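Engineer: Got a structure for you, written out below as structure tokens; questions coming shortly.
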Amino acid sequence: MSSFLGIDAPCAHEIEKIKGSRFLGFAFPVRDEEEALALVAEKRKQFHDARHWCWAYRLGIQGDRFRYQDDGEPSGTAGLPILKEIDARGLTDVLVLVVRYFGGTKLGTGGLARAYAQAAREVLERAALVEVRIDRPVRVSFSYEDTSAVQSVLHRFQQQAIEATYGERTELLFSVPSAQAESFAQALRDATSNRAQIQIGPEAPGQRTPR
């Protein structure tokens, strides 16, 4: 897996009323649970007079972390349908929140599930998608005598440093596609006869390309 699909910016959309109830959908790009829950708290405060604030998120480069909340609606009628809409698009690092203003008429469990799914689906249809490359940080430290050799490797791998520190030794930080990180590091070792000091970090979101 070299990339994942997310959304580029927050998005909001209200669907047509269903038997008097209003459903306001919000989609957000998020990096972790703390950010997701802070956004939920923010919307609960903003729409404090609503009846329910139901949500779901999926997180992580592999999309392996998720959580959903029915917030007082019958179990399985709100958070799970929202999560299924996120998953139907193969998205991760995404939070979808649906705020409901009760209209006075109960919708039944099936009606509720369809309404929350519709609200999530329609806001996600309006969100700008982004493909996020999976990178690994590679930090390189080398002496002046190896500058030319290092530059040759950088040119071959088409890499530019995102951070640089100059002193007795030069330290450069790169964000390298995960699949190339090990070969990039090995090329630097070979070019400097193992004099370069190299650290490779864990996978992280990298370059973002609009879809």
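The values are calculated or read from the model by the stated rules, or taken from the named source; none is laboratory data. As the structure is a prediction and not an experimental result, all values here were calculated from the model. Neighbour counts run over all protein chains shown; Cβ positions are idealised from the backbone, glycine included.
Engineer: Is there a residue in the range 101-118 that is closer than 27 Å to GLU131 by Cβ and not hydroxyl-bearing (Ser, Thr, Tyr)?
Structural biologist: Yes, the range 101-118 contains a residue that is closer than 27 Å to GLU131 by Cβ and not hydroxyl-bearing (Ser, Thr, Tyr).
Engineer: Now for a separate question. Restricting the first residue to the range 147-162 and requiring it to be in contact (Cβ under 8 Å) with a residue 24 or more places away in the chain, which pairs with a second residue that is surrounded by 11 or more Cβ atoms within 10 Å (Cβ to Cβ) and of a type in the set (Gly, Ala, Ser) meet a Cβ separation below 8 Å and a spacing of at least six or different chains?
Structural biologist: Pairs found: ALA149/ALA191; VAL150/ALA191; VAL150/ALA196; SER152/ALA191; VAL153/ALA187; VAL153/ALA191; ARG156/ALA187; PHE157/ALA187.
Quick grid of which residues meet (1) outside any helix (DSSP H, G or I); (2) under 30 Å from GLU182 (Cα atoms); (3) in contact with a Gly (Cβ under 8 Å, 6 or more places away or on another chain):
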{"residue": "LEU97", "(1), (2), (3)": "yes, no, yes"}
{"residue": "ARG100", "(1), (2), (3)": "yes, no, no"}
{"residue": "ARG114", "(1), (2), (3)": "no, no, no"}
{"residue": "ILE134", "(1), (2), (3)": "yes, yes, yes"}
{"residue": "VAL138", "(1), (2), (3)": "yes, yes, yes"}
{"residue": "GLN151", "(1), (2), (3)": "no, yes, no"}
{"residue": "LEU154", "(1), (2), (3)": "no, yes, no"}
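Engineer: Can you pull out the residues in the range 61-91 that are in a loop (DSSP other than H, G, I, E, B) and surrounded by 14 or more Cβ atoms within 10 Å (Cβ to Cβ)?
Structural biologist: At the first step, the residues of the range 61-91 found to be in a loop (DSSP other than H, G, I, E, B) are 61-64, 70-78, 89-90.
Scanning the range 61-91 gives ILE61, GLY63, ASP70, ASP71, GLU73, THR77, ALA78, ARG89.
Engineer: Run down ARG136, ARG169, ARG121, ARG156 and say which single residue is basic (Lys, Arg), assigned by TED's automatic domain parsing to the domain that holds PHE26 and either surrounded by fewer than 16 Cβ atoms within 10 Å (Cβ to Cβ) or within 28 Å of ILE61 (Cα to Cα) (or both). Break it down into steps so the answer makes sense when it comes.
Structural biologist: Working: ARG136 fails: assigned by TED's automatic domain parsing to the domain that holds PHE26; ARG169 fails: assigned by TED's automatic domain parsing to the domain that holds PHE26; ARG156 fails: assigned by TED's automatic domain parsing to the domain that holds PHE26.
On inspection, the qualifying residue turns out to be ARG121.
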